[in-house]
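Before any comments, here is the structure.
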Amino acid sequence: MRPAHNRLTVNGELREVLFDATKTLLEVLREDLRLTGTKHGCELGECGTCAVLMEGRPVLSCLVLGVECDGADVTTVEGLAEGPALHPLQEAFADRGAAQCGYCTPGILLTAKALLDRNPHPTRGEIAEALSGNLCRCTGYLQIFEAVEEAARTERTDPPTQGRTYRPADAQARPRAGDAR
Amino acid sequence: MMRVPAFQYYRAPSVRDAVAALRDGGAEAMLLAGGTDVVPNLKRRQQNPALLIGIGHLPELRQTTNGAGLTLGACLRLADVADDPRVRAHYPGLAIAAGKVATPQLRNMGTLGGNLCLDTRCNYYNQSYEWRQAIDFCMKAPASTGGQACTSPDGTGICWVATSSPRCWAVSSTDTAPALIALGARVTLASADGRRTIPLEDLYANDGMAYLTKRRDEMVTAVHLEPGDRSWRSTYRKLRRRGSFDFPVLSVAAAVRFGKESAVEEARIVLGAVASWPVLVPESASLVGKPLTDDAIEAFAEQASQLAKPLDNTDFALGWRKKMARAYVSGALKELRGDAVRRP
């Protein structure tokens, strides 16, 4: 079987990629484009962790064949931050403890971004519906819903370029559960 | 990690090219639209076609046209069907059903035609290759084909659900087919020989293996709905363990046309996920000519639930699923009558 040769836009950048033609978009992103932020979960469309945006809509990259992506416009979690400035969703997720083990987080961030792009002020019910295809086994979803609500409040007033810059030191400086003792 | 097996890919430039490739490819060719049913089956080796014919991008299959009624292209995404204002206004049963398929991401990918042709499902079939190999496969995908689905029994595989059965009992799990059959939809099939349009219920057979009556070289291109008429009301109810993700364990689609003094003039009630095909309840005609009183609804729900013969090959306990068939039919009719009832 001959390798496939595609041109696609990933995170706003035109990429040309030669890959094994049996690969899914998930495998092309992770193995050929080295974008490992998109996670490998159930591989059967049952968990949502591999969600990316294609033409702005959330889809499951484990079920998209790479050969069908020629000319596609794909956004992965690596495309959310602008330089060092986090996307408001990423900031809100960090602040609210909406990511615990973090494995489901990339798929949830992208799915939530698509929701806010379409509906900047969603209700709790609309957030739950939009994220109903993303399994999280850590948080119980409450912090995730709160983080999306917080991002919806800040997104329009706080452009990404003026947002907080992530520094590795932040991770240490932030109080952790149990520190209050 | 589950990899997709090797295949040739053909991005069809038109329906004409797609059906020519389908004819030439014979048993080795499969259509690929949204991929949400086909790709997991490829990964689990239930299907292993030499040729995949890509049709999901074809503009002629992604149109909605409004003329005498509504024509929906087979490759419209389920999310688009569920959100279409014309569908929501005139065919709410379809909008509800399309909106209840799987999850938002899968509805952005999966197509209307793909959901109509959805492979039948079973606890002994929708498993990994290794799992199925460990039980020496089954009738629907026997060892003789390397565990791949075929359309007629080869005599070597058994049905693990009913081990003495000569047939496969895999379950029709499409949400949109019951809704569309209740609405009296017709479907157009295209092949290299031309096109034909048939009532949607005629697309299905009560056989877990040969569950579609269309020829292998035919493809679904469009679904046609009669003009929306305000006297028709429709709804769809779906039973599943979780409110998202899951395939139906039971579904009820109902469409009723009311006349003077709320008397029923026409009624079509369809049960989904209780057999290898969507079951159009023949007793629906018994509702005609009188209003939907509590007694009429309960008598009909009892009759309809007799058609639900659940087997132990999906989720939940058998007896409970049968009881729920009655409750869901009754609930759907009360909703159409105008009762303020919560839809599950």
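Read-outs throughout are calculated quantities, based only on the coordinates presented, and are distinct from any laboratory measurement. Quantities reported herein were computed from a predicted structural model and do not represent experimental measurements. Note that we place each Cβ from the backbone using ideal geometry, even for glycine, and neighbour counts take in every protein chain shown.
Before moving on, here are some points about what is shown:
- Other residues within the sphere of radius under 12 Å centred on the Cβ of residue B:268, judged by their own Cβ, net out at -3 (K and R +1, D and E -1).
- Under Karplus coefficients 6.51, -1.76 and 1.60, residue-wise ³J(HN,Hα) of the stretch A:3-16 in Hz, glycine/proline x: x, 9, 10, 10, 10, 9, 9, 10, 6, x, 10, 6, 10, 10
- For residue B:216, no residue whose modelled amide H falls within less than 5 Å of its own remains once neighbours fewer than 5 places apart on the same chain are excluded.
- Backbone HN-Hα couplings from phi across the stretch B:79-88 [Karplus 6.51/-1.76/1.60, Hz, Gly and Pro as x]: 5, 5, 5, 5, 8, 5, x, 5, 5, 5
- Dipole of the protein assembly as shown, positive direction: furthest Cα of B:306, B:122, B:205, with charges on the beta-carbon: B:306
- When each of B:219, B:2 is scored by the number of other beta-carbon atoms lying within 10 Å, the sequence from fewest to most is B:2, B:219.
- Extension gain for the segment residue B:136 to residue B:196, taken as residue separation times 0.36 nm less the Cα-Cα distance, is 17.6 nm to one decimal.
- Eligible aspartates and glutamates near residue A:113 by straight Cα distance, threshold 12 Å, same-chain separation 8 or greater: A:149, A:155
- Chain A, relative contact order in percent, only Cα pairs under 8 angstrom and at least six apart counted: 22 percent
- Coarse-grained scattering of the protein assembly as shown at q = 0.08, 0.11, 0.12 Å⁻¹, given as base-10 log I(q)/I(0) from a Debye sum over alpha-carbon atoms: -0.55, -1.01, -1.18
- Angle in degrees between helix B:15-25 and the longest Cα principal axis of chain B, rounded to the nearest 10: 50 degrees
- Fewest-first ordering of A:19, B:7, B:316 by other beta carbons within 10 Å of each residue's beta carbon gives B:316, A:19, B:7.
- Distant-in-sequence amide H partners of residue B:250 (H built 1.01 Å from N, under 5 Å): B:239
- Taking label positions 7 Å along the Cα-Cβ direction at both residue B:261 and residue B:88, the computed distance is 3.7 nm, reported to one decimal.
- Against chain B, whose longest principal axis comes from its Cα atoms, helix B:294-305 is set at around 20 degrees.
- Pairs exceeding 31 Å between alpha-carbon atoms, taken from B:140/B:322; A:23/B:309; A:39/B:140; B:214/B:334; A:23/B:100; B:238/B:290: A:23/B:309; A:39/B:140; B:214/B:334.
- Antiparallel DSSP beta bridges within chain B, as percent of all bridges there, nearest 5: 85 percent
- Hits among aspartates and glutamates - C-alpha to C-alpha of residue B:323 under 12 Å, sequence gap 8 or more where chains match: B:302
- For the stretch A:107-115, 3J(HN,Hα) per residue [Karplus equation, 6.51 cos²θ - 1.76 cosθ + 1.60, θ = phi - 60°, Hz, x = Gly/Pro]: x, 6, 4, 5, 5, 5, 4, 4, 5
- Angle in degrees between helix B:318-337 and the longest Cα principal axis of chain B, rounded to the nearest 10: 50 degrees
- Contact order relative to length of chain B, as percent, for alpha carbon pairs under 8 angstrom and 6 or more apart: 15 percent
- Positive contributions from Lys and Arg (+1) and negative ones from Asp and Glu (-1), summed over other residues with Cβ under 11 Å from the Cβ of residue B:257, come out at -1.
- Of all the options A:58, A:84, A:106, the one that moves most in a Gaussian network model of chain A with Cα springs shorter than 10 angstrom is A:84.
- Summary value for the stretch B:1-80: 34 percent relative contact order, contacts being C-alpha pairs under 8 angstrom separated by 6+ residues.
- Taken over the stretch A:4-79, the convex hull of the Cα atoms encloses 72 Å³ per residue.
- Its DSSP H runs of at least 4 residues, each contributing -39,500 (n - 2.57), put the calculated 222 nm mean residue ellipticity of chain A at -8000 deg cm²/dmol, to the nearest 500.
- Exposure proxy shown here: for A:39, B:309, B:100, the number of other Cβ atoms within 10 Å sets the order, fewest to most, as B:309, A:39, B:100.
- Environment charge of residue B:58, counting only residues whose C-beta is closer than 11 Å and scoring Lys/Arg +1, Asp/Glu -1: +1
- Options B:282, B:331, B:293, ranked by Cα towards positive dipole end of the stretch B:232-337, top entry (Cβ charges): B:331
- Taking amide H atoms as placed 1.01 Å from N in the peptide plane, the amide H of residue B:121 lies under 5 Å from those of B:171, B:172, B:173, each 5 or more residues away in sequence or on another chain.
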